[in-house]
Structure formats: C-alpha cells, structure tokens
1. Please pick out the residue among 329, 297 that is over 17 Å from residue 156 (Cβ atoms) and surrounded by 15 or more Cβ atoms within 10 Å (Cβ to Cβ).
2. Could you list, in sequence order, all residues of the stretch 234-248 that are surrounded by 11 or more Cβ atoms within 10 Å (Cβ to Cβ), of a type outside the set (D, E, K, R) and under 17 Å from residue 266 (Cα atoms)?
3. Name the helices (runs of 4 or more DSSP H) wholly within the stretch 296-385 that hold at least 1 residues that are among the polar types (S, T, N, Q) and under 25 Å from residue 406 (Cβ atoms)?
4. What's the number of the condition residue 195 fails, among (1) in contact with a strand residue (DSSP E or B) (Cβ under 6 Å, 6 or more places away or on another chain); (2) within 30 Å of residue 284 (Cβ to Cβ); (3) in contact (Cβ under 8 Å) with a residue 60 or more places away in the chain?
5. Quick check on residue 154: is it at pLDDT 95 or above and buried (at least 17 other Cβ atoms within 10 Å of the Cβ)?
6. Could you list, in sequence order, all residues of the stretch 209-256 that are of a type in the set (S, T, N, Q) and without any contact (Cβ under 8 Å) to a residue 40 or more places away in the chain?
7. Every residue in the stretch 171-187 that is at pLDDT 95 or above and either assigned to a helix (DSSP H, G or I) or buried (at least 21 other Cβ atoms within 10 Å of the Cβ) (or both), please.
8. Tally time: how many residues in the stretch 340-378 are among the hydroxyl-bearing types (Ser, Thr, Tyr) and loosely packed, with under 14 Cβ neighbours inside 10 Å?
Amino acid sequence: MARGAVGRKKREHLFGLASFLLCKELVCREMGKFQVPVGEKTMTVLVRDVVAALNRLAPFHLAYDWDNVGLQIGNPEKPVRRVGVGLEVNSAFLKFANQRQCDMLVVHHPLIFRPLRNIVERDPTTNLLCTLIRREMALVVAHTNLDRVPWGTNGVLADRLGLEEREPVEPCFIEKQYKFVVFVPTDYVEKIIDAIHRGGGGWIGNYSHCTFRTGGTGTYVPETGAQPYKGKTGQFEEAEEYRLEAVVLEGSLQTVIKEVVAVHPYEEVAYDVYPLHQTTPAAGLGVLGRLPRKLTVGKLAAQLVDICQPNSPLIGGDPEKVAERVAIVTGSVGSTVDSITPRKADVIITGELGYHKTVEVLDRGLGLICLGHAASEKIVADVLIQKLRSELGAAGKHVRWYQFDNYMDPLLPIKTRKK
C-alpha cells in the first residue's frame, strides 16, 4: 500500500476515533442529567436507596397497623439527585419542590392514607397525586414509625428542650428479636458489619453498627466440587475467624442474611440465628423526661414558641405552675393522654387535643401546652435530612436536600374585644 494511502487511512481512523469520543462525551453529558454529580467519580442514589435508608432509621414495621408508610409513589429504580423533605405534601410544597427540580419527596404525613377507589382529579388529594405522577416525583412516608423511634418527632423536640432521664410515654415492646451470629475471616469483619447495618440490623436505641466479636479458629476440609476461599480440595484447613454477632429485629432478619451472604467471601456462609426474649422497649410513642431546670408552665410555653414558631399556640391550666417532669407527644396526643398521670409529668406538650380530653387533663392537675399539630412536628425535617445524608454515606453527600417548613396550622384564634 502506498505511503499516502497509509496516511489517509490513519487520518480517517483518528477522525473516526475523535468522532466516537465526542459522541461519547455528549451522551455522557446527557446521561449526567439523570445521575448524581460527584466530581471525578459518579455515585448514583436510587429511590430505593433512600427508602431503604429511611427504613433503617425509622423501621416501617414500627408504624401502627392502621397507618400507611413507605414508598407511596414512584419507580424504585429511578436515580435521585434532589430530595425535598417536609411535613406533608401540599400545593405550596409541590411548587417549592418543582422549582428545585426535586426527584423525590420525603414526608411525615401520608398522602395516601385510606384505600383509593380511583384517581380522578376532582379533590385535593387526587390532584396532588396526579401532579406527582406527571412530574415523576417519588414519594416516601415515615409517619407513626417516625413518631416511635427515639430520635424522631418527639425526640427532636426533647433534644431542643434538653430533656434528661427519658423514657417513652407509650412503650412499644419489640418481642421478636434475634441474635444473628456469623463466622467471618478477620480481614472481612468491617465489610460484614456494614452489611448487617445495610440490612437493618445492629441497632440498639440511638446506636447503629452495634456488634460483638470473639476470635477463634475454624476448621474444614474442601470436598470434591468445592471452591474454597482458602485451601485445597481434600486437605484439612484451619482459618483464623471472628464469631460476629448482632441483634436483629424479625422484620430485618432476611434482609440482613441476604446482605451478609452477598459480601461474605466463603462459598458456604456459616451463620446462626437465636431467638431473644428481651422486654426492654426498643421504641415507643412520646417522651417522658426531666427538664434541665424547673420552669413555670408559662415560661416553658414561651421557650417552645421560640423553638417551634407556632401560629396558634394554646395553654391550659395555671401558667405559674412549676414544671420539672414533662410529657411530649407531638402531633395529636389523642387517647395516649390517658396514661399520663401527675406522677409521671407536670405538664403535657403536644400539638392538639380535643375538648373532653383537655378538661380531663386539667382536672388531673396537669398543665397543657398545645403548639398546633404542624408546629409541633415540622422541626423534624432538618434532623431527618441530616440522618438520611449520613445513612446514605458518601453517595448521600452528593444528593441535594431541600427542607420545606412553611407550614401553618389551619385554625387561628379569633381576636375579640373585651366589653
């Protein structure tokens, strides 16, 4: 072949390669619109990743039977770049989220609460549903499960008040717990601990990744057909291993096993599961606790107004009553108020309470502060964002999180003139 032909072929090859690389760059840029930008390395977070993280932080099985929590709208496999977090879905939140091009919303109050017969745009709820679906915006809900975890809606307000000596108002006894034990080579222990955590195990109160391990020596002989991590077929082998154990709730057990088996280096993973019978409450509704210093109910109410910024706070009983022990049940305290006696608390802090129950509370000599349903719970959004970002690890840092807290309780006091 002539030298000129060779040069021409070479130029054509280089031109084709350049065209290919340019097309690849354009495609990557276009695809980047649906991925999480993380600088040199792209780490994509999916809808299901956010749902799984939320389930680990506030397990869905802790919700009351009548509640509806978890993923309500959306494709679990869709990438997520921007997430809006708020108390509930309303037109203002949707406008806020749309302006910020959110792919997903995380809320406390369920949009779909009762079974729907149809989805027709003729009422506020279905209008919101259709809007979310059209905009391909996923929706996940953490309702009473978020009320019952120690760090949740009630715990956040307790933290802001600095409550000490805490316990649940209404304990939620988790009887079905298991001790998960797995045998792992010493150089894989951290990977297995992470796998247990991803599956939802290893939680004790507000502490995650809780495990215990002891060292030992495992023995085995790989038989015909085996593919051992270490050793040869037919030869007696010894391996330095850890016996690693963690507490796992029944609802997370199968997921924990799946996650551990997926990363464990052994062909045959050796693990044991033992039922436990502890009666210590792992969660519960509300918080009973002691204030750092005694306050009058009136001064405590003023402090809560600064924290929650309510638009229609109410107070019941003597504002000069001195309070040390308080009971917090954010949102609507409802029938839970029946279990709060003067021996347990001096004052009840909640969002709302009906007339008859209010009279009963005051007759028992308790103080009462009603901040408004929305005002008492909306402050959880900031903490929820921090928890989710941390729970998602490195990938979570590159998701943009937007907090919406412009919620007002719908009823306002009527201004009257004294005669």
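The values are calculated or read from the model by the stated rules, or taken from the named source; none is laboratory data. Bear in mind that the values here come from a model prediction, so they are computed numbers and not experimental data. Note that we place each Cβ from the backbone using ideal geometry, even for glycine, and neighbour counts take in every protein chain shown.
1. Working: 329 fails: over 17 Å from residue 156 (Cβ atoms).
Every option except 297 fails the conditions.
2. From the stretch 234-248, those surrounded by 11 or more Cβ atoms within 10 Å (Cβ to Cβ) are 237-248; that's our starting set.
Checking which are of a type outside the set (D, E, K, R) leaves us with 239, 242, 244, 246-248.
Matches in the stretch 234-248: 239, 242, 244.
3. Working: elements: 297-308, 355-363, 373-377.
Filter on the stretch 296-385 gives 297-308, 373-377.
4. Of (1) in contact with a strand residue (DSSP E or B) (Cβ under 6 Å, 6 or more places away or on another chain); (2) within 30 Å of residue 284 (Cβ to Cβ); (3) in contact (Cβ under 8 Å) with a residue 60 or more places away in the chain, only one is false for residue 195: (1).
5. Values: at pLDDT 95 or above: yes; buried (at least 17 other Cβ atoms within 10 Å of the Cβ): yes.
Spelling it out, residue 154 is indeed at pLDDT 95 or above and buried (at least 17 other Cβ atoms within 10 Å of the Cβ).
6. Kept after step one, since they are of a type in the set (S, T, N, Q), are these residues of the stretch 209-256: 211, 214, 217, 219, 224, 227, 233, 235, 252, 254-255.
Hits for the stretch 209-256 are 211, 214, 217, 219, 224, 233, 235, 254.
7. Those that are at pLDDT 95 or above and either assigned to a helix (DSSP H, G or I) or buried (at least 21 other Cβ atoms within 10 Å of the Cβ) (or both): 180, 182, 184.
8. Filtering the stretch 340-378 for residues among the hydroxyl-bearing types (Ser, Thr, Tyr) gives 341, 350, 355, 358, 376.
With loosely packed, with under 14 Cβ neighbours inside 10 Å added as a condition, the list becomes 341, 355.
So the answer is 2.
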